[in-house]
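The values are calculated or read from the model by the stated rules, or taken from the named source; none is laboratory data. What you are looking at is a predicted structure, and each value in this text was computed from that prediction instead of being measured. Positions of Cβ are generated from backbone atoms using ideal geometry, with glycine treated the same way; all protein chains shown enter the neighbour counts. The protein model used for the area step is the full one, side chains on, heavy atoms only, and it has no ligands, DNA or RNA in it. Shrake-Rupley method; radii C 1.70, N 1.55, O 1.52, S 1.80 Å.
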Amino acid sequence: MSSREDVLGAVRRNQPAPRPLPDVPLFDADLPPALERFKAGVLRMGGKIAELPRGADLDAFVRERFPDARVICSATPEVKGTRDLGAVGAPADLRDVDVGVVRGRFGVAETGSVFLSETELGVNAIGYLVQHFVIFLDPDAILPNLHHAYEHPGFRDARYAVLMTGPSATADIEGILIHGAQGVRSLTVVLTPPR
C-alpha cells in the first residue's frame, strides 16, 4: 500500500457515524409584505421598478423605455427584440446589445434579488454584457427571504444560477458609488404575470 492509500483508509475507518442534518427554520414569522419589501430592496440596490400599464404591449413598452436602443435581445418569447438569442454563437456576440430582456423565475423580498438560471437567460452572458437589463417578474413569484429561495426547486434543477440584485456597481475609497462600472448600467424589474 502507498502512503496515500494508508491515509485514506485510516480516514474511512475513523469517520463518525452519520447523523441527520438539523432542521433549519424558514425565519418567516412576522415578515412585512413581500411585494413592498421586494420593491424597496430593488431600489436600495440601484435598480428600478417599472409598473406596466394595463394591457400594454411588452415590445412597445421596452422600446418606449429605451428609445435609443439599436440592439434588443430577448430570452423570453414575450418580447421579440431585434437580435435572435438563438443565433448567438458565442457569449461575446452579445457585447453590442443595448437592452437584454428575460423573465425571472422568482424574486426574493429580503434582498430585492431575482433568480435567473441558464433556462431563463438562454445565454448566461446576457445578464452581464448588455447595457440595460430588463427582467419581467410575476409579482406572485416573490418569496419572503433567502431561506425560502434556497428551498425552491430552481436551485436544485439549475446547472448555473444567480440571484441578480441591482446593476453593476463599485465605490471608491471616498464612498462615491458608480453604477454600471463593470456590467449592466441599469436593471429594471417589470412586475407582470406571464403572458
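Data for the structure
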quantity: Additional length obtainable on full extension of the chain from ASP140 to ASP84, 0.36 nm per residue less Cα span; calculated: 17.3 nm
quantity: Square roots of five times the Cα gyration tensor eigenvalues for segment 112-153, Å; calculated: 22, 12, 9
quantity: The chain: relative contact order in percent, alpha carbon pairs under 8 Å with at least 6 residues between; calculated: 24
quantity: Approximate spin-label separation TYR150-ALA56, in nm, with each point projected 7 Å along Cα-to-Cβ; calculated: 3.6
quantity: Alpha-carbon radius of gyration plus Dmax, which is the widest Cα pair, for the chain in Å; calculated: 20.9, 73
quantity: Accessible-area composition of segment 2-44, carbon plus sulfur, in percent [1.4 Å probe]; calculated: 58
quantity: Other-chain or far-sequence residues with amide H under 5 Å of PHE106's (modelled H); calculated: PHE115
quantity: Vicinal HN-Hα couplings computed from phi for segment 153-166 (Karplus, 6.51 cos²θ - 1.76 cosθ + 1.60; Hz; Gly/Pro x); calculated: x, x, 5, 6, 7, 8, 8, 9, 8, 9, 9, 7, 10, x
quantity: Shape call, segment 21-117: gyration tensor on alpha carbons, a/c limit 1.5; calculated: prolate
quantity: Cα gyration tensor, segment 80-180 - rounded (a/c under 1.5), prolate or oblate; calculated: oblate
quantity: Calculated from backbone phi, Karplus (6.51, -1.76, 1.60) coupling profile of segment 28-41 in Hz, x at Gly/Pro; calculated: 10, 6, 6, 7, x, x, 4, 4, 5, 5, 4, 4, 4, x
quantity: Solvent exposure of segment 80-195 as accessible area per residue, Å², 1.4 Å probe; calculated: 47
quantity: ALA50 long-range amide H proximity, modeled H, under 5 Å; calculated: VAL189, VAL190, LEU191
quantity: Accessible solvent surface per residue of segment 1-43, calculated while the other protein chains remain in place, 1.4 angstrom probe, Å²; calculated: 91
quantity: Placed amide H near ALA169: partners under 5 Å, 5+ positions off or other chain; calculated: GLY180, ALA181, GLN182
